[in-house]
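Below: one structure, written as structure tokens.
The values are calculated or read from the model by the stated rules, or taken from the named source; none is laboratory data. Quick caveat: nothing in here was measured; it's all calculated off a predicted structure. Cβ placement follows ideal geometry from the backbone for every residue including glycine, while neighbour counts extend to all protein chains displayed.
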Amino acid sequence: MARRRKNPPGPYLQLLELVRERVYDPSRFPFTLPAIRGLTTLPFHPKVTFFVGENGSGKSTLLEAIAIQCDLNPEGGSVNFNFATRESHSALHKAIRIAKHPGGTSERFFLRAESFYNVATKIEDYEVINSYGGVSLHEQSHGESFFALFRNRFGDNGLYLMDEPEAALSPNRQLEFLAMLHDYCERGCQFIIATHSPIIMAYPDATIYQFDRKDLRAVAYEETEHYQITRGFLMNRKRNLDIIMGKDDGAG
């Protein structure tokens, strides 16, 4: 029997605003990052919003601040996770204001690829492994543990923040993730995802914000550096490899 679709009560997160009077010191990180320094307001897509850009551009830092504003642990987990392996989050969450849907949702989770090992350990400490498929996430491959989370812990009408979910996923698994993402969106969920994957960010009818050395702006999928570089490389792989490896003198 097909799962009955539910009408979403959201979007849960509608708009983010940087409150200038709360910026304690504009000369310190993360307010020195161009994307953060120039931030005013940032509308969220009702289904999927992507943060894309180079390493160090601020996308994960902003996603982390949003997670804290949503009462989620900076290292990841649900609202019931409260631990700190090493507190390293910035003070950005103190300087932002988020317009939320009045109804809200208790179904929310923050996946942070770089600290997912710590979350998996806490799942065992909290003895809640049955909510994640009943098998220790440490006893599965990295990709399998991610999918155990997606399939078993995520639910209808939820808010899900994800930082580089592609870190554990092969290209084929990323395509599977796209199908799963679409299914959850049809079931009333909202996602904010920081990613480098041109496969994942290809999800249709999403808002893509590109963080770069000058500012933060909404772009079309084909305008992202990830798409352009990947397409350009694959369209002329040998020539690009010759250039990269110094075998092309530029003649001709």
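The selection criterion, being on the phi > 0 side of the Ramachandran plot and under 17 Å from the mean Cα position of the chain (by Cα), holds for Gly58. Taking the numbered list (1) assigned to a helix (DSSP H, G or I); (2) β-branched (Val, Ile, Thr); (3) at pLDDT 95 or above in turn, Ile68 passes all entries but (3). I'd like to verify a number: residues in the stretch 18-59 that are closer than 22 Å to Phe116 by Cβ and surrounded by 20 or more Cβ atoms within 10 Å (Cβ to Cβ), how many? So the count comes out to 9.
Residues that are free of Cβ contacts under 8 Å to residues at least 24 places away in the same chain and outside any helix (DSSP H, G or I) within the stretch 99-127 comprise Pro102, Glu127, listed in sequence order.
Residues that are assigned to a loop (DSSP other than H, G, I, E, B) and farther than 16 Å from Phe51 by Cβ do not occur anywhere in the stretch 219-235.
Okay, residues lined up against (1) basic (Lys, Arg); (2) in the same structural domain as Glu166 (by TED's automatic domain parsing); (3) farther than 19 Å from Ile129 by Cβ; (4) modelled with pLDDT of 90 or more:
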{"position": "Val79", "(1), (2), (3), (4)": "no, yes, no, no"}
{"position": "His93", "(1), (2), (3), (4)": "no, yes, yes, yes"}
{"position": "Arg97", "(1), (2), (3), (4)": "yes, yes, yes, yes"}
{"position": "Thr105", "(1), (2), (3), (4)": "no, yes, yes, no"}
{"position": "Ser115", "(1), (2), (3), (4)": "no, yes, no, no"}
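Would you check if there is a residue in the stretch 216-236 being more than 30 Å from Leu18 (Cβ to Cβ) and among the polar types (S, T, N, Q)? Checking the stretch 216-236: at least one residue is more than 30 Å from Leu18 (Cβ to Cβ) and among the polar types (S, T, N, Q).
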